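Asker: What follows is a structure written as structure tokens; I'll ask about it next.
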Amino acid sequence: MTEIGVGIVGMGTVGEGACGILTRNVESIARQAGCQVRLACVADLRRDELRSRVPAEVRFVEDAAELIRSPDVQIVCELIGGTRAAGEVVRQAMAAGKHVVTANKELLAKHGPELLSLADQQGVDFYFEASVGGGIPIISPLRIGLAGNRIQKIVGIVNGTTNYILTQMAAEGGDLADVLKEAQQLGYAEADPTNDVEGYDARYKLTILATLGFHACVDVDDIYCEGIMKLQSRDVDYARELGYEVKLLAIAKRVDGGLEARVHPALVPFSHPLAAVAGVNNAIFVTGDAVGDVMFYGPGAGSLAAGSAVVGDVIEIARNIRCGATGRLKPIEFRDLDLVSTGESVARYYVRMLVKDASGVLAAIATEFGLHNVSIASLVQKDASEGVAEIIFLTHEVKERGMRAALECIEGLSVVEQVCSMIRVEE
Ligand SMILES: NC(=O)c1ccc[n+]([C@@H]2O[C@H](COP(=O)([O-])OP(=O)(O)OC[C@H]3O[C@@H](n4cnc5c(N)ncnc54)[C@H](OP(=O)(O)O)[C@@H]3O)[C@@H](O)[C@H]2O)c1
């Protein structure tokens, strides 16, 4: 085999990055693959508009099916996003015996196990490094480099938009809505930011990480998900005064009775490497029983960053084709590992509330905490004006169920005006 043909479906942000790398780094790619890797064809609905972005010698079609049928395309890169058309492209390509690379976290989170077993049945390769962490290698380390470990815990900052917003709130202050608007103007947040700020994007990525890391069939809809929209700038400020950054974390960890998987904002101590991950960068912190702690850090999105991960997959598949070793990465035999309900999850908490500035208030609150086995680690009183005081509690570890029950009772106390925030602390 002297040449392997690649097709890109979707000439958007990632498609353009992958196209640029494949056409610019031809020689180094060929050296590593052991054969020429040629971008043979591109498909995009906006062919006329985008034609000039692709070298003239590369065929440009509108219909993905035409690209998939092309005999000179052995590797199909699905880079259109979403699940409907993208799912069709991936299934059709596999059915036609083509190897597939995708960057599509949503497709993998919703249909990953089905697509992995289809690839296995068809004897084709299916790689998806760009689906989590953009340019950061994390899928291949979980599948290969860390495969000898029993993974204990995966904690990631896997959404650049929300990390940018939280970094700006910490550095400059300002309400979330204003910082979000600024992020949209700078192109760091989409016009409709729902997927990012509500945590759905992070949940897709956590589904993939948890499935690979724990060899468990994880249903995306079973993962607890809380976005950042309720966060107030004073919580970010107070957290910093206490020695913590607020980060949107995607967490999967092995616990008694199964697996815990959740996405939510959390206080991360300054001393933890994840606290230093700023701006649109991503990082994934993995704890294995043998290796200990490792962290993968870098650009979580962007044309060339994600394109880099796509092209890495293409080269690996080209090597496999050349050696007759495709289909080498068998789909994992997924086990039933029950997702533990969030009520059972154990964490420390940061709680901010507004209470009457009067004697006996703290005793009443402490009694309710005590009745629900919530032990207070520290307490700070902030502003007190017009008869209302703002207080912050940091608790010791407690089951979420107990914490919520305590706060429900505390909210019912006549001396409590409002429980404003409850944020987990991830040590
Ligand atoms: N952007 C990133 O930094 C990044 C990072 C990692 C992973 N990803 C993932 O990579 C994928 C692509 O993201 P992106 O940001 O590159 O998206 P994008 O900029 O919207 O590009 C998608 C392109 O595909 C075209 N398209 C849509 N349906 C098509 C079809 N049926 N046939 C052919 N072309 C079609 C779109 O055309 P229209 O515009 O006309 O619809 C658009 O040009 C997504 O799964 C995303 O989650 C993105």
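Asker: Suppose all protein chains stay in the model; what accessible area per residue would a 1.4 Å probe give for segment 139-299, in Å²?
Answerer: Computed with neighbouring chains in place, this is 39 Å² per residue.
Asker: For segment 49-152, which GluC sites (Glu not before Pro) are both in a DSSP coil and crowded by at most 11 other Cβ atoms within 10 Å?
Answerer: Hits after loop and neighbour filter: 57.
Asker: What angle do you read, to the nearest 10 degrees and between 0 and 90, between the alpha-carbon axis of helix 176-185 and the longest principal axis of the chain?
Answerer: 20
Asker: Quick one: net charge of residue 19's neighbours, Cβ under 11 Å, K/R +1, D/E -1?
Answerer: 0
Asker: Can you give the relative contact order of the chain as a percent, counting alpha carbon pairs under 8 Å and 6+ residues apart?
Answerer: The normalised contact order for the chain reaches 17 percent.
Asker: Just for the Cα atoms in the chain, what are the lengths along the principal axes, largest first, rounded to whole Å?
Answerer: 82, 45, 34
Asker: Now a separate question. If you count the DSSP beta bridges with both ends in segment 1-152, what percent of them are antiparallel, to the nearest 5?
Answerer: Taking every DSSP beta bridge with both residues in segment 1-152, the antiparallel ones total about 0 percent.
Asker: State, to one decimal in nm, how far the label point of residue 330 lies from the label point of residue 240, with both points 7 Å from Cα in the Cβ direction.
Answerer: The answer from the label model is 5.2 nm.
Asker: In segment 139-299, if the dipole is taken from +1 on Lys/Arg beta carbons and -1 on Asp/Glu beta carbons about the Cα centre, which of 277, 233, 295 is farthest to the positive end?
Answerer: 295
Asker: Something else about it: Would you mind computing the Rg to Rh ratio of segment 53-151 from its alpha-carbon coordinates, Kirkwood style for Rh?
Answerer: 1.00
Asker: Right, here's the next one. Would you be so kind as to identify which of 361, 377, 402 lies farthest towards the positive end of the dipole of segment 336-407, taking Lys and Arg as +1 and Asp and Glu as -1 on Cβ and the Cα centre as origin?
Answerer: Farthest towards the positive end: 361.
Asker: Apply the Karplus curve 6.51 cos²θ - 1.76 cosθ + 1.60, θ = phi - 60°, to the phi angles in segment 144-155 and return the couplings in whole Hz, x for Gly and Pro.
Answerer: Whole-Hz 3J(HN,Hα) from phi for segment 144-155: 10, x, 9, 4, x, 8, 8, 6, 9, 7, 10, 10.
Asker: Please report, to two decimal places, log10 I(q)/I(0) for segment 308-392 at q = 0.10, 0.18, 0.20 Å⁻¹ as given by the Debye formula with identical point scatterers on the Cα atoms and no solvent.
Answerer: -0.57, -0.92, -1.02
Asker: Quick one: grab the alpha carbon gyration tensor of segment 346-425, order the square roots of its eigenvalues as a ≥ b ≥ c, and give me rounded if a/c is under 1.5, else prolate or oblate depending on whether a/b is larger than b/c.
Answerer: Judged from the Cα gyration tensor, segment 346-425 comes out prolate (a/c at least 1.5, a/b above b/c).
Asker: Going 7 Å from the Cα of residue 23 along its beta-carbon direction, which residues of segment 32-58 have the amide nitrogen within less than 17 Å of the resulting point?
Answerer: Residues 37-58 fall inside that zone.
Asker: Considering only protein heavy atoms and a 1.4 Å probe, what is the carbon-and-sulfur percentage of the accessible area of the chain?
Answerer: Within the chain, the accessible surface is 48 percent carbon and sulfur.
Asker: With +1 on each Lys and Arg Cβ and -1 on each Asp and Glu Cβ, and nothing else charged, work out how big the dipole of the chain is about its Cα centre, in Debye to the nearest 20.
Answerer: The calculation lands at about 1260 debye.
Asker: What's the local net charge at residue 322, with K and R +1, D and E -1, over the other residues with C-beta under 13 Å away?
Answerer: In short, 0.
Asker: Under 16 Å Cα to Cα from residue 181, which aspartates and glutamates show up? Leave out anything in the same chain fewer than 8 places away.
Answerer: The qualifying aspartates and glutamates are 172, 190, 192, 196, 198.
Asker: Residue 153: which lysines have alpha carbons under 30 Å from its alpha carbon, excluding same-chain residues fewer than 8 sequence positions away?
Answerer: Correct list for residue 153: 105, 110, 205, 230, 247, 253, 330, 399.
Asker: Going by accessible area, probe 1.4 Å, with all protein chains left in place, what is the ranking of 238, 350, largest first?
Answerer: The most accessible residue leads, giving 238, 350.
Asker: I've got another one for you. As a test, work out the antiparallel percent of DSSP beta bridges whose residues both lie in the chain, rounded to the nearest 5.
Answerer: 70
Asker: Arrange the peptides 215-222, 260-267 so that the one whose residues have, on average, the most other Cβ atoms within 10 Å appears first.
Answerer: For the peptides 215-222, 260-267, the packing ranking is 260-267, 215-222.
Asker: Would you mind working out the magnitude of the charge dipole of segment 207-292 relative to its Cα centre, with +1 at each Lys and Arg C-beta and -1 at each Asp and Glu C-beta, to the nearest 20 Debye?
Answerer: Using Cβ point charges on Lys, Arg, Asp and Glu, segment 207-292 gives about 220 debye.
Asker: Using alpha carbons only, how many degrees (0 to 90, rounded to 10) separate the axis of helix 160-172 from the longest principal axis of the chain?
Answerer: 40
Asker: Could you sort the peptides 290-296, 122-128 by per-residue average Cβ neighbour count (10 Å cutoff), highest mean leading?
Answerer: Top of the packing list down: 122-128, 290-296.
Asker: Right, something else. In µm²/s, what is D for segment 139-299 at 4 °C and 1.567 mPa s, where D = kT/(6 pi eta Rh) by Stokes-Einstein and Rh is the Kirkwood radius from Cα pairs?
Answerer: Diffusion coefficient, whole number: 81 µm²/s.
Asker: Tell me the per residue accessible area of segment 346-425 using a 1.4 Å probe; a whole number in Å² is fine.
Answerer: 47
The values are calculated or read from the model by the stated rules, or taken from the named source; none is laboratory data. Quick caveat: nothing in here was measured; it's all calculated off a predicted structure. Positions of Cβ are generated from backbone atoms using ideal geometry, with glycine treated the same way; all protein chains shown enter the neighbour counts. Just the protein is used for accessible areas: all its heavy atoms, side chains included, with ligands, DNA and RNA removed. Shrake-Rupley method; radii C 1.70, N 1.55, O 1.52, S 1.80 Å.
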